[in-house]
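Novice: Once you've had a glance at the structure underneath, I'll fire off some questions.
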Amino acid sequence: PVNKIGKSPHQQLMKLGHPIHIDTVFVKGVHISYAEISGKYHKEGKITFNRARGWLANVSNDSIPLRQNPYMEADLEAYLMNTGKLNVKFGFDMLDKKGAYTYKGSLGPMNGKSLNRILTPLLSAEVSSANIKGVRFDMHGNDHRNWGSFFFDYDDMWVNVLKTEEDGSTSKKGLISLLANEFLLNSSNPDSKGVYHKGNIRYNRPADFSFFKTLWKSLLEGIKQTAGISKEREQ
């Protein structure tokens, strides 16, 4: 682990030794993946963003044009786990000393089982079924924290809690899974009582977390809240 404060993408651009000012950069056919190893289960969880395309505007570290407009913007489209269509808009304040940025976006319909590639290795649980209707988020961030709103519309969710065997294989904990789904998790949002659960994210960034890890962990907090998993229930 190393301190990654001040090393977000837009902050790295500002540290380049030569001035750059590009009006617009178009991107197409980009594949992005993020992976981490679970400290508890010692397995790799991975999330991918396939067929990414879009544009970046005001790509600059030149202080003169940045005085007129300090924001670098990005408008990107990709397919989460090569299935759900994701649209995200970023805004980077290039002159902010704390590395301020915003990101807002939406995810279209997809099968929740596609997320097991990242959830199962990290949480020792799997999505048996989940009909994701849509996700929306509107977030702010800087070097030290992320905050914002998260909306997750879904139904028909069932999660299996897993046991990791000595040989690395997994098996379902039937009774615990039944109790978790009946008493801890919301099988839909709105829930069975018609109550809609909104995520109010307040995430403090550990200094050794990268920019992308911070984004993922912040949005994961929103997923947990809307699914009914409070900190107490998670324990």
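Novice: Select from segment 50-67 the residues that are assigned to a strand (DSSP E or B) and open to solvent by less than 60 Å² (accessible area, probe 1.4 Å) and write down the one among them that is farthest from D96 (Cα to Cα). Walk me through how you get there before you give the answer.
Specialist: Pass one, segment 50-67, residues assigned to a strand (DSSP E or B): 50-60.
Cutting the leftovers down to open to solvent by less than 60 Å² (accessible area, probe 1.4 Å) gives us 50, 52, 54, 56-60.
On the way: N50: 31, A52: 28, G54: 25, L56: 19, A57: 18, N58: 15, V59: 15, S60: 14 Å.
So the residue we want is N50.
Novice: Suppose the filter is open to solvent by less than 30 Å² (accessible area, probe 1.4 Å) and touching a residue at least 24 places away in the same chain (Cβ under 8 Å); does T24 pass it? Step through it out loud before you land on a result.
Specialist: Values: open to solvent by less than 30 Å² (accessible area, probe 1.4 Å): no; touching a residue at least 24 places away in the same chain (Cβ under 8 Å): yes.
No.
Novice: Checking the conditions here, which among G199, G148, G222, G134 is in contact (Cβ under 8 Å) with a residue 40 or more places away in the chain and in contact with a Ser or Thr (Cβ under 7 Å, 6 or more places away or on another chain)? Full working, then the answer.
Specialist: Details: G148 fails: in contact with a Ser or Thr (Cβ under 7 Å, 6 or more places away or on another chain); G222 fails: in contact with a Ser or Thr (Cβ under 7 Å, 6 or more places away or on another chain); G134 fails: in contact (Cβ under 8 Å) with a residue 40 or more places away in the chain.
After ruling out the rest, the residue left standing is G199.
Novice: May I pose another question? Scan segment 81-97 residue by residue and report those that are under 19 Å from N69 (Cβ atoms) and part of a loop (DSSP other than H, G, I, E, B).
Specialist: To start, the set of residues in segment 81-97 that are under 19 Å from N69 (Cβ atoms) comprises 89-97.
Of everything in segment 81-97, those that are under 19 Å from N69 (Cβ atoms) and part of a loop (DSSP other than H, G, I, E, B) turn out to be M94, L95, D96, K97.
Novice: Would you point out the residue of segment 109-120, among those that are open to solvent by less than 20 Å² (accessible area, probe 1.4 Å) and over 18 Å from L185 (Cα atoms), that is modelled with the lowest pLDDT?
Specialist: Initial filter on segment 109-120 (open to solvent by less than 20 Å² (accessible area, probe 1.4 Å)): 110, 112, 118.
Checking which are over 18 Å from L185 (Cα atoms) leaves us with 110, 118.
Numbers: M110: 97, I118: 91.
That would be I118.
Novice: Of these, I47, I32, I132, which one is within 24 Å of K217 (Cβ to Cβ), open to solvent by 30 Å² or more (accessible area, probe 1.4 Å) and either aromatic (F, W, Y) or assigned to a strand (DSSP E or B) (or both)?
Specialist: Values: I47 fails: open to solvent by 30 Å² or more (accessible area, probe 1.4 Å); I132 fails: open to solvent by 30 Å² or more (accessible area, probe 1.4 Å).
The match here is I32.
Novice: Quick one: S124 ticks every box in (1) open to solvent by 30 Å² or more (accessible area, probe 1.4 Å); (2) in contact with a Ser or Thr (Cβ under 9 Å, 6 or more places away or on another chain) except a single one, so which number is it?
Specialist: Of (1) open to solvent by 30 Å² or more (accessible area, probe 1.4 Å); (2) in contact with a Ser or Thr (Cβ under 9 Å, 6 or more places away or on another chain), only one is false for S124: (1).
Novice: Let me ask another. So which of M72, M81 ends up being at positive phi and surrounded by 18 or more Cβ atoms within 10 Å (Cβ to Cβ)? Give the steps one after another, and end with the answer.
Specialist: Numbers: M72 fails: at positive phi.
On inspection, the qualifying residue turns out to be M81.
Novice: Does E234 meet the test of being at pLDDT below 95 and either aliphatic (A, V, I, L, M) or closer than 30 Å to K85 by Cβ (or both)?
Specialist: Working: at pLDDT below 95: yes; either aliphatic (A, V, I, L, M) or closer than 30 Å to K85 by Cβ (or both): yes.
Here the answer is yes, as E234 does meet what is asked.
Novice: From A74, A100, A52, A57, which residue is in contact with a strand residue (DSSP E or B) (Cβ under 8 Å, 6 or more places away or on another chain) and within 19 Å of S218 (Cα to Cα)? Spell out the reasoning first.
Specialist: Working: A74 fails: within 19 Å of S218 (Cα to Cα); A52 fails: within 19 Å of S218 (Cα to Cα); A57 fails: within 19 Å of S218 (Cα to Cα).
After ruling out the rest, the residue left standing is A100.
Novice: If you check A57 against the conditions, is it free of Cβ contacts under 8 Å to residues at least 40 places away in the same chain and within 19 Å of R117 (Cβ to Cβ)?
Specialist: On the way: free of Cβ contacts under 8 Å to residues at least 40 places away in the same chain: yes; within 19 Å of R117 (Cβ to Cβ): no.
In short, no.
Novice: Could you look through segment 135-186, keep only residues that are hydroxyl-bearing (S, T, Y) and modelled with pLDDT of 95 or more, and pick out the one that is least open to solvent (accessible area, probe 1.4 Å)?
Specialist: Of all residues in segment 135-186, those hydroxyl-bearing (S, T, Y) come to 149, 154, 164, 169-171, 177.
If we keep only those that are modelled with pLDDT of 95 or more as well, we get 149, 154.
Details: S149: 31, Y154: 3 Å².
That would be Y154.
The values are calculated or read from the model by the stated rules, or taken from the named source; none is laboratory data. None of the values given here were measured: they were computed from a predicted structure. Ideal geometry is used to build each Cβ from the backbone, glycine not excepted, and the neighbour counts take in all protein chains shown. For the accessible areas, the whole protein counts, side chains as well, though only heavy atoms, and no ligand, DNA or RNA atoms are used. Shrake-Rupley method; radii C 1.70, N 1.55, O 1.52, S 1.80 Å.
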